[in-house]
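*Asks:* Provided herewith is a single structure, encoded as structure tokens, for subsequent inquiry.
The values are calculated or read from the model by the stated rules, or taken from the named source; none is laboratory data. Just so it is clear, the structure is predicted and the values come from calculations on it, not from any experiment. Because the Cβ atoms are built from the backbone with ideal geometry, glycine has one as well, and the counts that use them run over all protein chains shown.
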Amino acid sequence: MKLFDSHCHLDDHSYHKDIDRVIKRQQQAGVAAALIAGVNLQRSAKAIELAERFPGIYAAVGLHPHDARNGSPEILNSLEHLAQHPKVKAWGEIGLDFNRMYSPRGKQEQWMLRQIEAAATLQLPIIFHERDSQGRFLEILTTHRSNDLCGVIHCFSGNRQELHSYLNLGLYIGITGIVTMQQRGQDLRRLVADMPVDKILIETDAPYLTPAPEKNRVRRNEPAFVKSVLLKLADVLNTDPQIIAEQIWANTCRLYNIESQDLS
């Protein structure tokens, strides 16, 4: 199987000492590609550095809702400049997070909208983050949507109504290791059957959300473990893992505008 970890954070400090070994394990697990999502200006630049260093690694740039309090026209301009790099394949992760409220609600909404506009100008798909926004996230997307809205709901954990609203907007659905977790993943597994297979991506969100099979022996997640997400999806859908792997690989390359045969 050839797999694509559509969302990870290999720029995190926890990989500083062993990034080469992490990439080697990723390749040995058949994870031929991974995309590092940006959360602020500095870490977006780091994501690009890693993408330049390793084949099959790509980057996104963006300002996470936790960092929206630091948003400014200057930072947005710098992110737009970084986005010109050929290994930048998406904008994000951006959105709303009303759970921890590291940034004021108004700032989150302001910079979500500004970044949607920037991504549209650059014709980049968007990686969306949503947590506990009580419908505001969907309201913004629906009110300010354009005909060419393109992106993925990272780490989907919503309900059936939200799922179908996202799908109606033409968005992809990102599935993490939560789907492997016995209690926490119950609702997600029930909703998987409602997801068109051509709209599913798999992701680790590494170093977070380690899948259940690996969580018993390691704490830190890494791209190699996205295989456990794929295998659980295949089990839930009662589908041959190879078949679903090929479909999800094609989905990810399509969203990120990557030519599969030219992966480098």
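*Asks:* From (1) in contact (Cβ under 8 Å) with a residue 12 or more places away in the chain; (2) closer than 27 Å to Lys199 by Cα, pick out the condition that doesn't hold for Ile75.
*Replies:* Among (1) in contact (Cβ under 8 Å) with a residue 12 or more places away in the chain; (2) closer than 27 Å to Lys199 by Cα, the lone unmet condition for Ile75 is (2).
*Asks:* With respect to Pro104, is the statement that it is modelled with pLDDT of 95 or more, surrounded by fewer than 17 Cβ atoms within 10 Å (Cβ to Cβ) and within 23 Å of Leu255 (Cβ to Cβ) true?
*Replies:* In short, no.
*Asks:* Here is a further query. Looking at (1) part of a loop (DSSP other than H, G, I, E, B); (2) at pLDDT 95 or above, find the lone condition where Phe128 falls short.
*Replies:* (1)
*Asks:* Filtering segment 208-235 down to residues that are surrounded by fewer than 19 Cβ atoms within 10 Å (Cβ to Cβ) and in contact (Cβ under 8 Å) with a residue 40 or more places away in the chain, which residue is nearest to the chain's Cα centre (by Cα)?
*Replies:* The selected residue is Tyr208.
*Asks:* List every residue pair whose Cβ atoms sit under 7 Å apart, with the two residues 6 or more apart in sequence or on different chains, where the first one lies in segment 101-128 and is closer than 14 Å to Asn77 by Cα and the second, anywhere, is part of a helix (DSSP H, G or I).
*Replies:* Short answer, once both residue conditions are applied: Trp111/Ala68; Arg114/Leu76; Ala118/Leu76; Ala118/Glu80; Leu122/Glu80.
*Asks:* Report yes if Ile173 is at pLDDT 95 or above, β-branched (Val, Ile, Thr) and part of a helix (DSSP H, G or I), otherwise no.
*Replies:* It is false that Ile173 is at pLDDT 95 or above, β-branched (Val, Ile, Thr) and part of a helix (DSSP H, G or I).
*Asks:* Restricting attention to segment 72-91, which residues are among the hydrophobic types (A, V, I, L, M, F, W, C) and part of a loop (DSSP other than H, G, I, E, B)?
*Replies:* Ala83
*Asks:* Quick one: Asn238 ticks every box in (1) at positive phi; (2) in contact (Cβ under 8 Å) with a residue 12 or more places away in the chain except a single one, so which number is it?
*Replies:* For Asn238, the failing item is (2).
*Asks:* Conditions first: (1) touching a residue at least 60 places away in the same chain (Cβ under 8 Å); (2) under 13 Å from Lys2 (Cα atoms); (3) surrounded by fewer than 16 Cβ atoms within 10 Å (Cβ to Cβ). Ala250 passes all but one, so which condition is the exception?
*Replies:* (1)
*Asks:* Give segment 82-99 a look and list any residue that's over 16 Å from Gln42 (Cα atoms) and in contact with a strand residue (DSSP E or B) (Cβ under 8 Å, 6 or more places away or on another chain), or say none.
*Replies:* Within segment 82-99, Lys87, Lys89, Ala90, Gly95, Leu96, Asp97, Phe98, Asn99 qualify.
*Asks:* If you don't mind, there's one more thing I want to ask. Looking only at segment 207-226, which residues are assigned to a loop (DSSP other than H, G, I, E, B) and within 19 Å of Gly38 (Cβ to Cβ)?
*Replies:* Result: Pro207, Tyr208, Leu209, Asn221, Glu222.
*Asks:* Testing Ile248 on (1) assigned to a loop (DSSP other than H, G, I, E, B); (2) farther than 16 Å from Ile178 by Cβ; (3) touching a helix residue (DSSP H, G or I) at 6+ places or on another chain (Cβ under 8 Å), one condition comes back false. Which one is that?
*Replies:* Of (1) assigned to a loop (DSSP other than H, G, I, E, B); (2) farther than 16 Å from Ile178 by Cβ; (3) touching a helix residue (DSSP H, G or I) at 6+ places or on another chain (Cβ under 8 Å), only one is false for Ile248: (1).
*Asks:* Oh, and also: Which of the following residues is acidic (Asp, Glu), part of a helix (DSSP H, G or I) and in contact with a helix residue (DSSP H, G or I) (Cβ under 7 Å, 6 or more places away or on another chain): Asp235, Asp198, Asp187, Asp194?
*Replies:* Testing whether each residue is acidic (Asp, Glu), part of a helix (DSSP H, G or I) and in contact with a helix residue (DSSP H, G or I) (Cβ under 7 Å, 6 or more places away or on another chain) leaves just Asp198.
*Asks:* State all residues of segment 1-26 that are modelled with pLDDT of 95 or more, among the aliphatic types (A, V, I, L, M) and over 20 Å from Ala60 (Cα atoms); if no residue qualifies, say none.
*Replies:* Answer for segment 1-26, where residues must be modelled with pLDDT of 95 or more, among the aliphatic types (A, V, I, L, M) and over 20 Å from Ala60 (Cα atoms): there is none.
*Asks:* Next question, about the same structure. Any residue at all in segment 19-35 that's surrounded by fewer than 20 Cβ atoms within 10 Å (Cβ to Cβ), in a strand (DSSP E or B) and touching a residue at least 12 places away in the same chain (Cβ under 8 Å)?
*Replies:* yes
*Asks:* Quick one: which of Ala60, Ala29, Ala33, Ala37 is at pLDDT 95 or above, in contact with a His (Cβ under 8 Å, 6 or more places away or on another chain) and within 15 Å of Ala206 (Cβ to Cβ)?
*Replies:* Matching residue, one of Ala60, Ala29, Ala33, Ala37: Ala37.
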